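Okay, structure first, notes after.
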Amino acid sequence: MIKLLNKMLICLLVAASPLAAEPLVIGAEDDWAPYCALDKQSGQPLGLAPELVKAVFATEKLEIAFRPLPFARCMHDAKSGKVVGCFNATITEENRNQYYWHKTPMFEEDLAIFALASEPNRDLQLSSLEGRKVGITLGYTYPTDFMDNTKITRFEAKSDAQILEMLVRGRVDYILMNGMPGYLQIQQRQLTGKVIKVGKISTDGFWLAFSRTHPQGKAMSKQFEEGLLKIKNNGTYELLIRDFEAKLGLR
């Protein structure tokens, strides 16, 4: 009887131990290099964003596990509570009240306008797209004033690679891609000098969108903000950015 009670006590202590707690499952965008993309060998996401997320949660002494997903599915699973959150998300009027957002963005990036090199115009902005055909990626978040502008004809494709193909084939006049991921796509498809940046719509912050239906979503959004500020203050954030830029040959 005493042995049985001891075994039960041990089981209860193990169950209550932080080491036995299940890791927080976070959705990671799987196709947005160089910020976050799936490494097919390891099955894990690679890039600046997962390194930042790991550093933040390590500061808070929280164990996490990534679930790489297509971005639209990632955001859907965060919204429904299947994962505690999803990155990399921008805040729009449409999604502002659908998730919990930490105050400080993880990083910022331009939403750039790309065209064929034969395009004569430069320094384009949102109003420049009116009356034109613009390729965008299905499931990505775009500024509300762009999506609500009825004077712009939008064509959606499943990936940045596909909207690049649409541009090369002349099916659209312009495409929208974030700056660094866009340049990487252009380089990988040997389109350097053929597709160029001709303007930008905005410079946007990117966040980890926390679930409003997951029981830990609200608390984790607050804790993530605290951890992000810690790594910004202790120098970890700057080191991760410098390493990221060095790998891309930007330093």
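Working note: Cα gyration tensor of region 173-237, eigenvalues times five, square-rooted, sorted largest first, giving semi-axes of 35, 16, 11 Å.
For the chain, the longest principal axis of the C-alpha atoms and the axis of helix 71-80 are separated by about 40°. Quarter the surface of the alpha carbon convex hull of region 46-110 and you get the mean projected area, 5.1 square nanometres. Figure note: D160, D243, D173 ranked by solvent-accessible area, largest first, 1.4 Å probe, ligands and nucleic acids not counted: D243, D173, D160. When F87, F244 are compared by accessible area of protein heavy atoms, the largest-first order is F244, F87, using a 1.4 Å probe. Would you please state the base-10 log of I(q)/I(0) at q = 0.10, 0.20, 0.22, 0.23 1/Å for region 114-219, with intensities from the Debye formula using one equal scatterer on every alpha carbon? Evaluating at q = 0.10, 0.20, 0.22, 0.23 Å⁻¹ gives log10 I(q)/I(0) of -0.32, -1.04, -1.23, -1.34. The residues V198, V25, sorted by heavy-atom accessible surface at 1.4 Å with ligands and nucleic acids left out, run V25, V198 from largest to smallest. Rolling a 1.4 Å probe over the protein chains gives R132 an accessible area of about 70 Å². Against the longest principal axis of the chain, how steep is helix 2-16, in degrees 0 to 90 to the nearest 10, with axes from Cα atoms? Orientation of helix 2-16: about 20 degrees from the principal axis. Apolar share of the accessible surface for region 64-103: 47 percent from carbon plus sulfur atoms, 1.4 Å probe. Counting only protein heavy atoms and a 1.4 Å probe, region 66-214 has 48 square angstrom of accessible area per residue. Rounded to a whole number of µm²/s, how large is the Stokes-Einstein D of the chain at 25 °C and 0.890 mPa s, given Rh as the Kirkwood radius over C-alpha pairs? Approximately 124 µm²/s, per Stokes-Einstein.
Considering Cα pairs under 8 angstrom that are at least six residues apart, work out the relative contact order of region 118-171 and quote it in whole percent. Result for region 118-171 is 39 percent.
Where does the chain land at 222 nm, in deg cm²/dmol rounded to the nearest 500, when only DSSP H runs of n ≥ 4 count, each adding -39500 (n - 2.57), divided by all residues? That calculation yields -11000 deg cm²/dmol at 222 nm.
Straightening the chain between T203 and N234 buys 8.6 nm, computed as 0.36 nm per residue apart minus the Cα-Cα spacing.
Ligands, DNA and RNA aside, Y183 has an accessible area near 120 Å² when probed at 1.4 Å. Which pairs break 18 Å Cα to Cα here: K79/K218; K200/K247; K40/K79? Violating the 18 Å limit, Cα to Cα: K200/K247; K40/K79.
The values are calculated or read from the model by the stated rules, or taken from the named source; none is laboratory data. Here the structure is a predicted model, which means the values were calculated and not measured. The accessibility values were calculated without ligands, DNA or RNA, using every heavy atom of the protein model including side chains. Shrake-Rupley method; radii C 1.70, N 1.55, O 1.52, S 1.80 Å.
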